[in-house]
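The values are calculated or read from the model by the stated rules, or taken from the named source; none is laboratory data. All figures in this text were calculated on a predicted structure; none of them were measured in a lab. Here Cβ is always computed from backbone atoms with ideal geometry, including for glycine, and neighbour counts include all displayed protein chains. We work out accessible area using only protein heavy atoms, side chains counted, and drop any ligands, DNA or RNA first. Shrake-Rupley method; radii C 1.70, N 1.55, O 1.52, S 1.80 Å.
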Amino acid sequence: MNGDRFKNCFLPTPAGSSSTAIKLLMITVPLILVSFVIFVLVPRNSSYWVYVSPSGNSSTGNFGAVSEEVSTAAEAVAVSGEVTLNRSTNKSLDVEAQVMEIHEFDETKEASLNITTNELNNLNISVTGVPNATISLNESISLPLKRNRRVRTKLDKLEAGLQRARAAIKDAKNSSQLLDPDYVPIGPMYWDAKTFHRSYMEMEKQFKVFVYKEGEPPVFHDGPCKSIYSMEGNFIYQMDVNTKFRTNDPEKAHVFYLPFSVAKMVRFVYLRDSRDFGPIRRTVIDYVNVVSEKYPYWNRSLGADHFMLACHDWGPEASFSNPYLGKNSIRALCNANTSEKFNPVKDVSIPEMNLRTGKLTGLIGGPSASRRPILAFFAGGVHGPIRPILLEHWEGKDDEIKVHKYLPQGINYYEMMRSSKYCLCPSGYEVASPRIVEALYNGCVPVLISKSYVPPFSDVLRWKSFSVVVSVEDIPRLKEILMKISSRQYIRMQRRVLQVRRHFEFHSPPKRFDVFHMILHSIWLRRLNVRVSDGNDVMPN
(Lines give C-alpha, C1' and ligand atoms only; values in the text may rest on other atoms or scores of the structure.)
Protein backbone atom coordinates (compact mmCIF):
# COMPACT_ATOMS: atom_id res chain seq x y z
CA MET A 1 0.00 0.00 0.00
CA ASN A 2 2.73 2.33 0.92
CA GLY A 3 4.70 1.32 -2.15
CA ASP A 4 1.80 2.22 -4.39
CA ARG A 5 1.51 5.58 -2.71
CA PHE A 6 5.15 6.49 -3.41
CA LYS A 7 4.78 5.19 -6.97
CA ASN A 8 1.88 7.55 -7.57
CA CYS A 9 3.94 10.47 -6.37
CA PHE A 10 6.55 10.09 -9.13
CA LEU A 11 4.78 8.40 -12.10
CA PRO A 12 2.07 10.29 -14.01
CA THR A 13 -1.27 8.63 -14.65
CA PRO A 14 -2.09 7.75 -18.21
CA ALA A 15 -4.87 10.27 -18.35
CA GLY A 16 -3.62 13.75 -19.22
CA SER A 17 -0.01 12.58 -19.64
CA SER A 18 0.75 14.90 -22.59
CA SER A 19 -0.31 18.01 -20.69
CA THR A 20 1.76 17.04 -17.68
CA ALA A 21 4.86 16.38 -19.77
CA ILE A 22 4.60 19.80 -21.41
CA LYS A 23 4.37 21.49 -17.98
CA LEU A 24 7.40 19.56 -16.69
CA LEU A 25 9.44 20.53 -19.74
CA MET A 26 8.56 24.20 -19.27
CA ILE A 27 9.91 24.08 -15.71
CA THR A 28 13.03 22.00 -16.41
CA VAL A 29 14.43 23.91 -19.43
CA PRO A 30 14.63 27.35 -17.68
CA LEU A 31 16.30 25.70 -14.70
CA ILE A 32 18.96 24.17 -16.96
CA LEU A 33 19.54 27.51 -18.74
CA VAL A 34 19.89 29.41 -15.43
CA SER A 35 22.29 26.81 -14.10
CA PHE A 36 24.40 27.09 -17.25
CA VAL A 37 24.54 30.89 -17.03
CA ILE A 38 25.54 30.77 -13.36
CA PHE A 39 28.23 28.19 -14.12
CA VAL A 40 29.73 30.35 -16.89
CA LEU A 41 29.48 33.79 -15.32
CA VAL A 42 30.29 33.21 -11.62
CA PRO A 43 34.11 33.13 -10.94
CA ARG A 44 35.41 29.90 -9.56
CA ASN A 45 37.70 31.63 -7.05
CA SER A 46 34.99 33.54 -5.20
CA SER A 47 35.38 34.10 -1.47
CA TYR A 48 34.62 31.29 0.89
CA TRP A 49 34.17 31.17 4.59
CA VAL A 50 35.19 28.36 6.86
CA TYR A 51 33.36 28.02 10.12
CA VAL A 52 34.94 25.90 12.81
CA SER A 53 32.41 24.82 15.37
CA PRO A 54 33.32 24.24 19.00
CA SER A 55 33.15 20.52 18.28
CA GLY A 56 35.76 20.82 15.54
CA ASN A 57 33.44 20.29 12.53
CA SER A 58 33.63 22.77 9.68
CA SER A 59 31.22 24.07 7.05
CA THR A 60 31.90 26.00 3.87
CA GLY A 61 29.84 28.33 1.76
CA ASN A 62 29.91 31.42 -0.44
CA PHE A 63 29.94 34.86 1.18
CA GLY A 64 27.73 36.33 -1.52
CA ALA A 65 27.93 40.11 -1.88
CA VAL A 66 30.56 41.59 0.48
CA SER A 67 31.38 45.31 0.72
CA GLU A 68 34.28 46.31 -1.55
CA GLU A 69 35.61 48.58 1.23
CA VAL A 70 37.05 45.61 3.07
CA SER A 71 40.84 45.80 2.58
CA THR A 72 43.17 42.97 1.71
CA ALA A 73 44.60 43.15 5.19
CA ALA A 74 41.15 42.70 6.70
CA GLU A 75 40.47 39.66 4.53
CA ALA A 76 43.54 38.01 6.02
CA VAL A 77 42.58 38.43 9.67
CA ALA A 78 41.80 35.60 12.05
CA VAL A 79 39.23 36.54 14.66
CA SER A 80 39.49 34.91 18.10
CA GLY A 81 40.86 31.73 16.55
CA GLU A 82 37.40 30.70 15.28
CA VAL A 83 36.95 32.14 11.79
CA THR A 84 39.47 32.36 8.95
CA LEU A 85 38.79 34.42 5.82
CA ASN A 86 40.46 33.04 2.72
CA ARG A 87 41.03 34.62 -0.70
CA SER A 88 41.09 31.18 -2.31
CA THR A 89 39.90 27.70 -1.44
CA ASN A 90 43.25 26.34 -2.67
CA LYS A 91 45.60 28.39 -0.40
CA SER A 92 45.20 29.34 3.23
CA LEU A 93 46.79 32.67 4.19
CA ASP A 94 49.30 32.90 7.05
CA VAL A 95 47.79 35.64 9.18
CA GLU A 96 50.99 36.60 11.06
CA ALA A 97 53.01 36.65 7.85
CA GLN A 98 50.47 38.93 6.17
CA VAL A 99 50.51 41.40 9.04
CA MET A 100 54.30 41.38 9.20
CA GLU A 101 54.46 42.24 5.50
CA ILE A 102 52.36 45.32 6.12
CA HIS A 103 54.12 46.63 9.23
CA GLU A 104 57.75 46.94 10.32
CA PHE A 105 58.42 46.28 13.95
CA ASP A 106 61.36 47.02 16.19
CA GLU A 107 63.13 44.66 18.52
CA THR A 108 60.94 45.25 21.57
CA LYS A 109 59.20 42.15 22.85
CA GLU A 110 55.51 42.64 23.44
CA ALA A 111 52.83 40.07 24.09
CA SER A 112 50.23 41.21 21.58
CA LEU A 113 49.32 43.71 18.87
CA ASN A 114 46.02 45.61 18.67
CA ILE A 115 45.06 46.74 15.18
CA THR A 116 42.06 48.97 14.47
CA THR A 117 41.08 49.10 10.78
CA ASN A 118 39.02 52.11 9.74
CA GLU A 119 37.47 50.24 6.84
CA LEU A 120 35.91 47.72 9.20
CA ASN A 121 33.78 50.25 11.06
CA ASN A 122 30.09 49.40 11.18
CA LEU A 123 30.65 46.18 9.25
CA ASN A 124 28.92 42.96 10.32
CA ILE A 125 29.19 39.90 8.11
CA SER A 126 26.52 37.27 8.68
CA VAL A 127 27.21 33.73 7.56
CA THR A 128 23.92 32.27 6.40
CA GLY A 129 23.16 28.62 6.53
CA VAL A 130 25.27 28.03 9.64
CA PRO A 131 23.68 28.32 13.07
CA ASN A 132 25.10 31.05 15.32
CA ALA A 133 27.90 31.93 12.84
CA THR A 134 28.15 35.74 12.88
CA ILE A 135 31.54 37.46 12.43
CA SER A 136 31.61 40.83 14.16
CA LEU A 137 34.45 42.99 12.81
CA ASN A 138 33.19 46.27 14.26
CA GLU A 139 35.91 46.29 16.95
CA SER A 140 39.65 46.18 17.52
CA ILE A 141 41.21 42.92 16.48
CA SER A 142 43.75 41.36 18.84
CA LEU A 143 46.52 39.29 17.26
CA PRO A 144 49.01 37.28 19.32
CA LEU A 145 52.21 38.74 17.82
CA LYS A 146 55.57 39.10 19.55
CA ARG A 147 56.51 42.65 18.51
CA ASN A 148 54.48 45.79 18.34
CA ARG A 149 56.60 48.90 18.53
CA ARG A 150 57.43 50.44 15.21
CA VAL A 151 60.90 51.65 14.24
CA ARG A 152 60.41 54.18 11.50
CA THR A 153 63.95 55.44 10.90
CA LYS A 154 67.56 54.72 11.69
CA LEU A 155 67.45 57.61 14.12
CA ASP A 156 64.71 55.80 16.03
CA LYS A 157 67.02 52.80 16.38
CA LEU A 158 69.83 55.02 17.65
CA GLU A 159 67.52 56.61 20.19
CA ALA A 160 66.25 53.18 21.26
CA GLY A 161 69.85 52.11 21.89
CA LEU A 162 70.50 55.24 23.93
CA GLN A 163 67.37 54.57 25.96
CA ARG A 164 68.61 51.07 26.78
CA ALA A 165 71.92 52.59 27.85
CA ARG A 166 70.13 55.09 30.10
CA ALA A 167 68.23 52.25 31.76
CA ALA A 168 71.40 50.20 32.28
CA ILE A 169 73.24 53.17 33.77
CA LYS A 170 70.33 53.94 36.08
CA ASP A 171 70.25 50.35 37.33
CA ALA A 172 74.03 50.20 37.88
CA LYS A 173 73.86 51.91 41.26
CA ASN A 174 72.00 48.97 42.78
CA SER A 175 73.94 46.31 40.88
CA SER A 176 77.18 44.55 41.73
CA GLN A 177 80.49 46.04 40.63
CA LEU A 178 81.40 45.12 37.05
CA LEU A 179 84.59 43.23 36.33
CA ASP A 180 87.14 44.86 34.05
CA PRO A 181 90.54 43.55 32.90
CA ASP A 182 92.07 47.05 32.78
CA TYR A 183 90.61 49.13 35.57
CA VAL A 184 87.71 49.05 37.98
CA PRO A 185 86.73 52.55 39.20
CA ILE A 186 86.33 52.54 42.95
CA GLY A 187 86.73 55.00 45.78
CA PRO A 188 85.58 58.46 46.89
CA MET A 189 87.24 60.13 43.88
CA TYR A 190 84.08 59.27 41.94
CA TRP A 191 80.60 60.57 42.57
CA ASP A 192 79.32 57.07 41.79
CA ALA A 193 81.99 54.59 40.69
CA LYS A 194 79.59 51.84 39.59
CA THR A 195 77.45 54.20 37.55
CA PHE A 196 80.51 55.69 35.88
CA HIS A 197 81.88 52.25 35.04
CA ARG A 198 78.60 51.08 33.50
CA SER A 199 78.27 54.32 31.55
CA TYR A 200 81.83 53.98 30.28
CA MET A 201 81.22 50.40 29.11
CA GLU A 202 77.96 51.39 27.42
CA MET A 203 79.91 54.09 25.58
CA GLU A 204 82.48 51.56 24.43
CA LYS A 205 79.70 49.27 23.26
CA GLN A 206 77.76 51.65 21.03
CA PHE A 207 78.99 55.28 20.89
CA LYS A 208 79.73 56.46 17.32
CA VAL A 209 81.04 59.82 16.12
CA PHE A 210 80.84 61.18 12.59
CA VAL A 211 83.68 63.57 11.76
CA TYR A 212 82.79 66.03 9.01
CA LYS A 213 85.28 65.64 6.17
CA GLU A 214 84.96 69.19 4.86
CA GLY A 215 87.75 71.70 5.44
CA GLU A 216 91.47 71.68 4.81
CA PRO A 217 94.45 72.06 7.18
CA PRO A 218 95.85 74.03 8.91
CA VAL A 219 92.58 75.33 10.37
CA PHE A 220 90.53 72.15 9.91
CA HIS A 221 91.55 68.56 10.66
CA ASP A 222 94.70 69.93 12.27
CA GLY A 223 95.80 71.56 15.49
CA PRO A 224 98.77 72.11 17.81
CA CYS A 225 100.12 68.94 19.42
CA LYS A 226 103.15 70.33 21.30
CA SER A 227 101.97 73.42 23.11
CA ILE A 228 99.69 74.61 25.87
CA TYR A 229 96.81 74.02 23.44
CA SER A 230 97.96 70.51 22.56
CA MET A 231 94.61 68.96 23.48
CA GLU A 232 93.07 70.48 20.33
CA GLY A 233 95.51 68.96 17.87
CA ASN A 234 95.79 65.60 19.58
CA PHE A 235 92.03 65.13 19.83
CA ILE A 236 91.49 66.11 16.19
CA TYR A 237 94.19 63.68 15.09
CA GLN A 238 92.84 60.80 17.18
CA MET A 239 89.30 61.33 15.89
CA ASP A 240 90.52 61.32 12.30
CA VAL A 241 92.42 58.02 12.70
CA ASN A 242 90.34 56.29 15.37
CA THR A 243 88.25 53.41 14.06
CA LYS A 244 86.59 52.32 17.31
CA PHE A 245 84.40 55.36 17.83
CA ARG A 246 84.45 57.05 14.42
CA THR A 247 81.91 56.02 11.81
CA ASN A 248 81.92 56.91 8.12
CA ASP A 249 78.15 56.49 7.98
CA PRO A 250 76.44 59.58 9.43
CA GLU A 251 73.19 57.60 9.78
CA LYS A 252 74.91 55.54 12.49
CA ALA A 253 76.36 58.51 14.37
CA HIS A 254 75.19 59.64 17.79
CA VAL A 255 77.15 62.89 17.59
CA PHE A 256 78.84 64.93 14.85
CA TYR A 257 82.26 66.54 15.29
CA LEU A 258 83.15 69.93 13.84
CA PRO A 259 86.93 69.46 13.41
CA PHE A 260 88.26 73.01 13.52
CA SER A 261 91.07 74.37 15.70
CA VAL A 262 90.58 77.76 17.33
CA ALA A 263 94.30 77.90 18.10
CA LYS A 264 95.07 77.52 14.39
CA MET A 265 92.46 80.13 13.50
CA VAL A 266 94.19 82.59 15.82
CA ARG A 267 97.47 81.85 14.08
CA PHE A 268 96.37 81.78 10.43
CA VAL A 269 93.11 83.76 10.23
CA TYR A 270 93.33 86.38 12.94
CA LEU A 271 95.34 89.51 12.14
CA ARG A 272 97.73 89.92 15.06
CA ASP A 273 97.01 92.86 17.39
CA SER A 274 94.07 93.92 15.21
CA ARG A 275 91.53 93.12 17.92
CA ASP A 276 89.25 92.20 15.03
CA PHE A 277 87.58 88.89 15.81
CA GLY A 278 85.58 89.02 12.57
CA PRO A 279 87.78 86.64 10.49
CA ILE A 280 87.51 83.89 13.12
CA ARG A 281 83.78 84.43 13.45
CA ARG A 282 83.24 84.27 9.69
CA THR A 283 85.31 81.08 9.44
CA VAL A 284 83.10 79.32 11.98
CA ILE A 285 79.92 80.64 10.36
CA ASP A 286 81.03 79.52 6.89
CA TYR A 287 81.94 76.04 8.12
CA VAL A 288 78.62 75.48 9.86
CA ASN A 289 76.82 76.74 6.76
CA VAL A 290 78.74 74.29 4.55
CA VAL A 291 77.90 71.22 6.63
CA SER A 292 74.29 72.31 7.26
CA GLU A 293 73.66 72.75 3.51
CA LYS A 294 75.36 69.51 2.53
CA TYR A 295 73.98 67.28 5.30
CA PRO A 296 70.58 67.20 7.06
CA TYR A 297 71.91 66.53 10.55
CA TRP A 298 72.67 70.04 11.78
CA ASN A 299 69.23 71.33 10.81
CA ARG A 300 67.55 68.22 12.21
CA SER A 301 68.69 68.97 15.78
CA LEU A 302 69.74 72.63 15.43
CA GLY A 303 73.21 71.50 16.46
CA ALA A 304 72.22 69.72 19.68
CA ASP A 305 73.96 66.46 18.68
CA HIS A 306 77.07 68.28 17.36
CA PHE A 307 80.19 69.18 19.29
CA MET A 308 83.31 71.28 19.00
CA LEU A 309 86.53 71.14 21.02
CA ALA A 310 88.78 74.09 21.81
CA CYS A 311 91.56 74.69 24.32
CA HIS A 312 92.41 78.23 23.27
CA ASP A 313 91.15 81.04 25.48
CA TRP A 314 89.00 82.24 22.61
CA GLY A 315 87.16 78.93 22.26
CA PRO A 316 83.95 80.20 23.91
CA GLU A 317 84.03 83.37 21.79
CA ALA A 318 84.40 81.31 18.61
CA SER A 319 81.41 79.16 19.57
CA PHE A 320 79.13 82.19 19.76
CA SER A 321 79.76 82.93 16.08
CA ASN A 322 76.75 80.74 15.39
CA PRO A 323 73.90 81.12 17.91
CA TYR A 324 72.95 77.44 17.79
CA LEU A 325 76.56 76.34 18.23
CA GLY A 326 76.87 78.38 21.40
CA LYS A 327 73.42 77.66 22.76
CA ASN A 328 72.64 74.07 21.70
CA SER A 329 75.84 72.26 20.76
CA ILE A 330 78.17 70.41 23.11
CA ARG A 331 81.24 72.58 23.64
CA ALA A 332 84.32 70.78 24.96
CA LEU A 333 86.40 73.63 26.39
CA CYS A 334 89.50 74.11 28.49
CA ASN A 335 88.19 77.58 29.34
CA ALA A 336 85.24 76.24 31.34
CA ASN A 337 84.11 79.51 32.89
CA THR A 338 80.51 79.72 34.06
CA SER A 339 80.71 83.52 34.06
CA GLU A 340 81.30 83.27 30.29
CA LYS A 341 78.20 81.12 29.66
CA PHE A 342 79.82 77.73 30.17
CA ASN A 343 76.90 75.39 30.91
CA PRO A 344 77.95 72.21 32.78
CA VAL A 345 74.70 70.49 31.79
CA LYS A 346 75.52 70.51 28.07
CA ASP A 347 79.18 71.62 27.88
CA VAL A 348 82.31 69.63 28.75
CA SER A 349 85.30 70.85 30.74
CA ILE A 350 88.52 69.34 29.40
CA PRO A 351 92.04 69.59 30.86
CA GLU A 352 94.60 72.02 29.57
CA MET A 353 97.82 70.12 28.88
CA ASN A 354 101.23 71.46 27.95
CA LEU A 355 102.80 68.54 26.06
CA ARG A 356 106.04 70.16 24.93
CA THR A 357 107.29 67.03 23.19
CA GLY A 358 103.90 65.54 22.37
CA LYS A 359 104.67 62.63 24.71
CA LEU A 360 104.48 61.81 28.41
CA THR A 361 108.11 60.73 28.63
CA GLY A 362 109.59 62.10 31.85
CA LEU A 363 106.38 63.89 32.88
CA ILE A 364 104.89 61.27 35.21
CA GLY A 365 106.44 60.24 38.50
CA GLY A 366 107.41 61.47 41.94
CA PRO A 367 108.16 60.16 45.42
CA SER A 368 105.72 59.00 48.06
CA ALA A 369 103.77 61.38 50.28
CA SER A 370 106.25 61.06 53.16
CA ARG A 371 109.19 62.23 51.03
CA ARG A 372 107.88 65.67 50.09
CA PRO A 373 109.42 68.33 52.35
CA ILE A 374 107.89 71.45 50.73
CA LEU A 375 104.38 72.39 51.85
CA ALA A 376 103.30 74.26 48.68
CA PHE A 377 104.86 75.46 45.41
CA PHE A 378 104.08 77.81 42.53
CA ALA A 379 106.12 79.38 39.75
CA GLY A 380 104.67 81.17 36.74
CA GLY A 381 103.96 84.36 34.89
CA VAL A 382 102.06 87.13 36.58
CA HIS A 383 98.97 87.64 34.45
CA GLY A 384 95.29 87.73 35.17
CA PRO A 385 93.63 89.02 38.35
CA ILE A 386 94.53 86.20 40.79
CA ARG A 387 98.28 85.61 40.48
CA PRO A 388 99.30 89.13 41.52
CA ILE A 389 97.38 88.59 44.78
CA LEU A 390 99.14 85.27 45.35
CA LEU A 391 102.59 86.73 44.77
CA GLU A 392 101.84 89.78 46.87
CA HIS A 393 101.08 87.65 49.94
CA TRP A 394 103.48 84.75 49.53
CA GLU A 395 106.44 85.45 47.26
CA GLY A 396 109.55 85.25 49.48
CA LYS A 397 107.40 85.40 52.63
CA ASP A 398 107.57 81.80 53.89
CA ASP A 399 110.10 78.99 53.58
CA GLU A 400 107.38 76.35 53.49
CA ILE A 401 105.41 77.98 50.70
CA LYS A 402 107.60 78.44 47.65
CA VAL A 403 106.02 81.06 45.38
CA HIS A 404 108.07 82.45 42.48
CA LYS A 405 107.43 84.78 39.60
CA TYR A 406 110.44 83.35 37.84
CA LEU A 407 112.05 80.14 38.95
CA PRO A 408 115.65 80.71 40.14
CA GLN A 409 118.39 79.35 37.90
CA GLY A 410 119.46 75.78 38.55
CA ILE A 411 116.08 74.74 39.97
CA ASN A 412 114.02 72.26 37.98
CA TYR A 413 110.31 73.02 37.76
CA TYR A 414 109.17 69.40 37.83
CA GLU A 415 111.55 68.48 40.63
CA MET A 416 110.00 71.24 42.72
CA MET A 417 106.56 69.76 42.07
CA ARG A 418 107.75 66.31 43.05
CA SER A 419 109.20 67.69 46.29
CA SER A 420 105.96 69.46 47.25
CA LYS A 421 102.89 68.18 49.04
CA TYR A 422 100.60 70.75 47.41
CA CYS A 423 100.91 72.48 44.03
CA LEU A 424 99.22 75.87 43.73
CA CYS A 425 97.15 76.23 40.53
CA PRO A 426 95.90 79.83 40.26
CA SER A 427 94.02 80.96 37.17
CA GLY A 428 95.74 83.27 34.72
CA TYR A 429 94.00 85.33 32.07
CA GLU A 430 91.47 82.52 31.89
CA VAL A 431 90.28 79.99 34.45
CA ALA A 432 92.10 76.93 33.13
CA SER A 433 95.72 76.18 33.99
CA PRO A 434 98.05 73.41 32.76
CA ARG A 435 99.44 73.20 36.30
CA ILE A 436 96.46 71.11 37.35
CA VAL A 437 97.47 68.26 35.06
CA GLU A 438 101.16 68.80 35.83
CA ALA A 439 100.40 68.46 39.55
CA LEU A 440 98.52 65.19 38.96
CA TYR A 441 101.33 63.84 36.79
CA ASN A 442 103.87 64.51 39.54
CA GLY A 443 101.81 63.15 42.42
CA CYS A 444 101.25 66.59 43.92
CA VAL A 445 97.85 67.47 45.42
CA PRO A 446 96.49 70.39 43.34
CA VAL A 447 95.24 73.54 45.05
CA LEU A 448 92.64 75.21 42.81
CA ILE A 449 92.48 78.98 43.14
CA SER A 450 89.98 80.42 40.69
CA LYS A 451 86.58 81.97 40.14
CA SER A 452 83.70 80.34 38.22
CA TYR A 453 85.86 77.40 37.10
CA VAL A 454 84.39 73.95 36.45
CA PRO A 455 87.25 71.41 36.80
CA PRO A 456 87.65 68.75 34.08
CA PHE A 457 85.37 65.70 34.17
CA SER A 458 83.44 67.06 37.18
CA ASP A 459 80.46 64.97 36.03
CA VAL A 460 82.40 61.88 37.16
CA LEU A 461 85.21 63.03 39.46
CA ARG A 462 84.71 64.35 42.97
CA TRP A 463 87.49 66.91 42.99
CA LYS A 464 87.31 67.78 46.68
CA SER A 465 88.40 64.23 47.52
CA PHE A 466 91.83 64.66 45.89
CA SER A 467 92.36 68.42 45.65
CA VAL A 468 92.01 71.57 47.74
CA VAL A 469 89.76 74.42 46.62
CA VAL A 470 90.72 77.87 47.92
CA SER A 471 88.78 81.02 47.17
CA VAL A 472 90.58 84.18 46.06
CA GLU A 473 89.53 85.86 49.27
CA ASP A 474 91.27 83.15 51.30
CA ILE A 475 94.68 83.50 49.64
CA PRO A 476 96.07 85.31 52.73
CA ARG A 477 95.00 82.26 54.82
CA LEU A 478 96.58 79.77 52.43
CA LYS A 479 99.10 78.29 54.89
CA GLU A 480 96.52 78.09 57.65
CA ILE A 481 94.14 76.18 55.38
CA LEU A 482 96.81 73.69 54.28
CA MET A 483 98.20 73.15 57.77
CA LYS A 484 94.73 72.23 59.05
CA ILE A 485 94.73 69.19 56.76
CA SER A 486 95.99 66.29 58.86
CA SER A 487 98.87 64.11 57.67
CA ARG A 488 96.48 61.19 57.45
CA GLN A 489 94.06 63.10 55.25
CA TYR A 490 96.87 64.39 53.05
CA ILE A 491 98.17 60.85 52.48
CA ARG A 492 94.68 59.77 51.43
CA MET A 493 94.40 62.66 49.00
CA GLN A 494 97.84 61.99 47.53
CA ARG A 495 97.00 58.33 46.93
CA ARG A 496 93.80 59.35 45.21
CA VAL A 497 95.80 61.68 42.97
CA LEU A 498 97.84 58.68 41.84
CA GLN A 499 94.63 56.77 41.10
CA VAL A 500 92.81 59.43 39.09
CA ARG A 501 95.77 60.67 37.04
CA ARG A 502 95.21 57.82 34.57
CA HIS A 503 92.19 59.84 33.41
CA PHE A 504 94.47 62.75 32.48
CA GLU A 505 97.23 60.82 30.75
CA PHE A 506 97.64 61.22 27.02
CA HIS A 507 98.52 58.17 24.95
CA SER A 508 98.93 57.61 21.24
CA PRO A 509 97.22 55.35 20.43
CA PRO A 510 94.73 55.99 23.25
CA LYS A 511 94.35 53.63 26.20
CA ARG A 512 91.14 52.85 28.01
CA PHE A 513 90.15 55.40 30.67
CA ASP A 514 92.77 57.92 29.49
CA VAL A 515 92.12 61.59 28.70
CA PHE A 516 90.92 60.91 25.15
CA HIS A 517 88.35 58.40 26.36
CA MET A 518 87.31 60.61 29.28
CA ILE A 519 86.59 63.49 26.90
CA LEU A 520 84.51 61.17 24.73
CA HIS A 521 82.72 59.88 27.82
CA SER A 522 81.77 63.40 28.90
CA ILE A 523 80.41 64.05 25.39
CA TRP A 524 78.57 60.72 25.56
CA LEU A 525 76.91 61.78 28.83
CA ARG A 526 75.76 65.06 27.27
CA ARG A 527 74.29 63.18 24.32
CA LEU A 528 72.34 61.00 26.75
CA ASN A 529 70.74 64.18 28.08
CA VAL A 530 68.79 64.84 24.88
CA ARG A 531 66.56 62.95 22.48
CA VAL A 532 66.63 63.88 18.81
CA SER A 533 63.86 63.16 16.30
CA ASP A 534 63.46 63.58 12.56
CA GLY A 535 60.90 66.31 13.14
CA ASN A 536 63.46 68.91 14.27
CA ASP A 537 62.51 68.21 17.86
CA VAL A 538 65.10 68.02 20.60
CA MET A 539 63.83 66.99 23.99
CA PRO A 540 65.77 67.07 27.25
CA ASN A 541 66.01 63.67 28.83
Go through R488, R492, R502, R477 for me and flag whichever is touching a Lys or Arg at 6+ places or on another chain (Cβ under 9 Å) and assigned to a helix (DSSP H, G or I).
R502
Which one of these does D182 not meet: (1) surrounded by fewer than 14 Cβ atoms within 10 Å (Cβ to Cβ); (2) free of Cβ contacts under 8 Å to residues at least 60 places away in the same chain?
(2)
Tell me, which helices (runs of 4 or more DSSP H) wholly within the stretch 303-417 include 3 or more residues that are at pLDDT 95 or above and within 30 Å of I481 (Cα to Cα)?
387-394
When every residue in the stretch 365-413 that is polar (S, T, N, Q) and under 47 Å from the mean Cα position of the chain (by Cα) is compared, the one least open to solvent (accessible area, probe 1.4 Å) is S368
Filter pass, Y200 being open to solvent by less than 10 Å² (accessible area, probe 1.4 Å) and touching a strand residue (DSSP E or B) at 6+ places or on another chain (Cβ under 9 Å):
no
Can you tell me which residue is most open to solvent (accessible area, probe 1.4 Å) among those in the stretch 207-221 that are part of a loop (DSSP other than H, G, I, E, B) and closer than 18 Å to R331 by Cα?
K208
So A432 ticks every box in (1) at pLDDT below 95; (2) surrounded by fewer than 20 Cβ atoms within 10 Å (Cβ to Cβ) but one. Which box is left unticked?
(2)
Got a sec? Which of L309, L325, L258, L302 is open to solvent by 10 Å² or more (accessible area, probe 1.4 Å) and of a type in the set (A, V, I, L, M)?
L302
